[in-house]
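The values are calculated or read from the model by the stated rules, or taken from the named source; none is laboratory data. What you see is a predicted model, and the numbers here were worked out from it, not measured in a lab. Virtual Cβ from ideal backbone geometry, glycine too; neighbours counted across all protein chains shown. All accessible areas refer to the heavy atoms of the entire protein, side chains included, with ligands and DNA or RNA removed. Shrake-Rupley method; radii C 1.70, N 1.55, O 1.52, S 1.80 Å.
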Amino acid sequence: MAVVEIRQLYKAFGEVNAVNDVNLTIQEGEFLVLLGPSGSGKTSLLRMIAGLEKPTGGEIRIGGVVVNELPPRARKIAMVFQSYALYPHMTVYNNIAFPLRSVGMDRINIQTRVERAAKMFNIYHLLQRKPRQLSGGERQRVALARAVVREPDVFLLDEPLSNLDAKLRALARDELKQFQRQIGVTTVYVTHDQVEAMGMGDRVVVMNYGRVQQIGTPQALYRAPANTFVATFLGSPPMNLVEQDNCIIGFHPEHFLPKGIDQHMQSPITIPFEVTRVEYLGSERFLYGYVQGVGERTRVVSNIPSLVQLAIEAGRTYDFVADLHDLSYFDKMSGDRIAPVRLQIAQAAGV
Amino acid sequence: MIRKAGQTGLTYFLITLFILFTAFPFYWMLITTFKNDNELYRNREANPLVFNQAPTLDNLRLLFNNTNYQTFVENSLKVGIAVVVITVLLAVPASYSLARLAGAWGERLGIMIFMVYLIPPTLLFIPMSQIVSFLGLRDSLWSLIVIYPTFTVPFCTWLLMGFMKSIPVDVEEQAMVDGYSRFGAILRVVFPLALPGILTVVVFAFTLTTHEFIYALAFITTSSQKVISTGVTSELIRGDVFFWQAIMGAGLLVAIPVALVYNLFLDRFIAGFTMGAVTGK
């Protein structure tokens, strides 16, 4: 276990700054998620921590030691690649034993450790198979077993669940999180899937264009996004953004509800909502349409839990409410979060 | 149903034709080897595809007792093995570095190296003979051992590049994370995975050297130093007399083992060529 510190880290590929002035401290035993779209620099950052990529500038410390010049093998890290990168010519046993052989461990010790790791991930019965004889989920477990067997200081995971089907992914997410808690190793997890990030991270780092956009707990990020990028990247569907004068007002779809079910709201404001399409998804309903009372006519989404039985039809305009306390405000030019401004709400005709 | 049966029938018919076409030279060599002079040259009316008179071993006796055939085979083996070793030692690291380290230039360099292979030996043997003389290797097997890698190395490097590129970088990086240096990762992960490619290169380099003719003819004149391709033709064609049966026998004896090895590695061989084709696009 170790603290990972990243100071003013840069990485340039030719003209492009893949990682731009990143400062980050990952606490001992923390599960930190790097979240961002493709090309945001999250994988480059992970590869620099692993030592597979050399930083253009800045410093990386693992356990207080500057590791910039150390090769991957000297950093006491374990990494799981998106492809799992199992050695196709070796059995599962030899795959897991491979990192132990590199440190010259004796045969009996290797066997004990491999068997313990295999039992931990429930793959003991697969030890004599080759990777090509395994399913996607089994391969992922082998990759994880190989990563833990060395008892690393830091775990680096590069989208390890993206090759699994949706059903298996939810299960693997839960298992992975439980397992990380159990062994308590500092973990850096890269993903472009905000559900994974929100569900697993102790803290989430949102990245875009090589820069850190915001660092915080999933709750903090969701409640108070630092800018419009974070606001629209998190949540499904993401936060609604409506322009008004020099600012952008944001509200989450589930905070925009039909009038009448707003008892819990402290200071509700009424906004007319022209519904154009209703999407029924079982546990919830998504309503697509336009608001025009606040600033310009803008397309927004409302997410109503299925508990609310209210009949809503496409093609009609209804009175919807949002809580003033749930609104976020952003600067129109920079997109950065600003202090609340006074809202002007015009009542649309014909409501 | 009938249409499907017809298609299958047609497929088998074409395959049979093709097999007859490719196997026929071997059959012709085999039957000729054991025919006596009388049957081969004088019996014009008889069916040439079968024995009309009793087969004979005289021709093989001539080949083994009256020529240096065994020496030629030994020489070919010596040259072949030496060239294979040199080729593998040079082409494996070259192809790895071109596939992994040189980026976009790697591909261009790979194609340029392959171009070298396309220069015909009929053009090159004149300057090469000067080099051979300069090195004092005239009339020695060493001349071939030095010259043959000039065409086996470029081709095999290009061929291996395809194999090397097909090995995921992830796997190699994983080995580096798992505690090995880059060299250690190459040794333990890249080489074992490139083994089919390396075997292809071994077979290819060996056959390429055994059927080479021009350099062997130009650089070596002493019978005891000749390899099979030049030795058989020079000792079994005396003036305008062709010892056809012995020539056929000499060819057959070396062709069969090579054909067997080719068949054994056929799948790998095709994979190697197509991979090379993709990277050399």
Compactness ratio of region A:191-259: Cα Rg over 2.2 N^0.38 Å, N = residue count? 1.15
Sequence-separation-based contact order of chain B, relative, with Cα cut under 8 Å and 6+ spacing, percent: 30 percent
Give me the net charge of B:SER129's neighbourhood, meaning all other residues with Cβ under 14 Å from the Cβ of B:SER129; Lys, Arg count +1, Asp, Glu -1. 0
Report the accessible area of B:ASP170, computed with a 1.4 Å probe over the heavy atoms of all protein chains in place, in Å² rounded to the nearest 10. 40 Å²
Output the Kirkwood hydrodynamic radius of region B:127-281, Cα pairs only, in Å rounded to one decimal. 18.4 Å
Diffusion constant of chain B at 37 °C, which comes from Stokes-Einstein with the Kirkwood Cα-pair radius and 0.692 mPa s, µm²/s: 150 µm²/s
Calculated FRET value between A:ILE345 and A:ARG277, using beta carbons and R₀ = 30 Å, to 0.05: 0.80
May I ask for the net charge around B:THR56, where only other residues with Cβ less than 12 Å from the Cβ of B:THR56 are counted and Lys, Arg are +1 while Asp, Glu are -1? -1
Give me the 1.4 Å probe accessible area per residue for chain B, excluding ligands and nucleic acids, in Å². 54 Å²
Of the DSSP beta bridges with both residues in the protein assembly as shown, give the percent that are antiparallel, rounding to the nearest 5. 75 percent
Give me the net charge of B:LYS35's neighbourhood, meaning all other residues with Cβ under 13 Å from the Cβ of B:LYS35; Lys, Arg count +1, Asp, Glu -1. -2
Value of D in µm² per second that Stokes-Einstein yields for the protein assembly as shown, Kirkwood Rh from Cα pairs, at 4 °C (1.567 mPa s): 42 µm²/s
Translational D (Stokes-Einstein, µm²/s) of region B:103-175 at 20 °C and 1.002 mPa s when Rh comes from the Kirkwood sum over C-alpha pairs? 148 µm²/s
Let me know the mean shielding of A:72-83 by other chains, meaning the per-residue number of their Cβ atoms within 10 Å of its Cβ. 4
Sorted by average packing, counted as other Cβ atoms within 10 angstrom per residue and highest first, what order do A:207-216, B:13-22 take? A:207-216, B:13-22
From other protein chains only, count the Cβ atoms within 10 Å of every residue's Cβ in A:93-106, then give the mean. 2
Say a site is exposed when it is one of the GluC sites (Glu not before Pro), sits in a DSSP loop, and has at most 10 other Cβ atoms within 10 Å; what is then the longest site-free stretch of chain A? A:70-295
Taking the radius of gyration and the Kirkwood hydrodynamic radius from Cα positions alone, what is the Rg/Rh ratio for region A:238-331, to two decimal places? 0.94
Could I have the simple spin-label model distance between A:PHE13 and A:ASP319, label points 7 Å from Cα toward Cβ, reported in nm to one decimal? 5.5 nm
Rounded, prolate or oblate for chain A? Axes are the square roots of the Cα gyration tensor eigenvalues, ordered a ≥ b ≥ c, and the cut-off for rounded is a/c under 1.5. prolate
Alpha-carbon centroid distance for the pair region A:126-164 / region A:227-249, whole angstrom: 38 Å
Which percent of the accessible area of the protein assembly as shown is formed by carbon and sulfur heavy atoms (probe 1.4 angstrom)? 60 percent
Please build a GNM for chain A, connecting alpha carbons under 10 Å apart, and tell me which residue among A:MET79, A:MET105, A:MET198 fluctuates the most. A:MET105
Out of A:ILE77, A:ILE26, A:ILE183, any idea which swings most in a Gaussian network model of chain A, alpha carbons joined below 10 Å? A:ILE183
Please list the radius of gyration and Dmax for region B:50-114, considering alpha-carbon atoms only, with Å as the unit. 22.8, 66
For chain A, modelled as a Gaussian network with Cα springs under 10 Å, which listed residue fluctuates most, A:ALA78, A:ALA117, A:ALA314? A:ALA314
Suppose the chain between A:GLU28 and A:PHE286 were pulled fully straight at 0.36 nm per residue; how much longer would it get relative to their current alpha carbon spacing? 88.8 nm
Give me the inter-chain shielding for A:50-63: mean count of other chain Cβ atoms within 10 Å, whole number please. 1
Expected 222 nm ellipticity per residue - DSSP helices of 4 or more, -39500 (n - 2.57), all of chain B, to 500: -24500 deg cm²/dmol
Give the span of region B:142-215's Cα atoms along each principal axis, as three whole-Å numbers ordered largest to smallest. 50, 21, 15
Chymotrypsin sites (Phe, Trp or Tyr not before Pro) within region B:144-238, DSSP loop, no more than 12 other Cβ atoms inside 10 Å: B:PHE213
Approximate spin-label separation A:TYR329-B:MET112, in nm, with each point projected 7 Å along Cα-to-Cβ: 6.3 nm
Quick check: Cα centre of region B:203-239 to Cα centre of region A:1-72, how many Å? 61 Å
With a/c under 1.5 counting as rounded, go ahead and sort region A:1-155 into rounded, prolate or oblate using the C-alpha gyration tensor (a ≥ b ≥ c being the square roots of the eigenvalues; past the cut-off, prolate if a/b is larger than b/c, else oblate). prolate
Interface B/A, total buried accessible area with a 1.4 Å probe, nearest 100 Å²? 1600 Å²
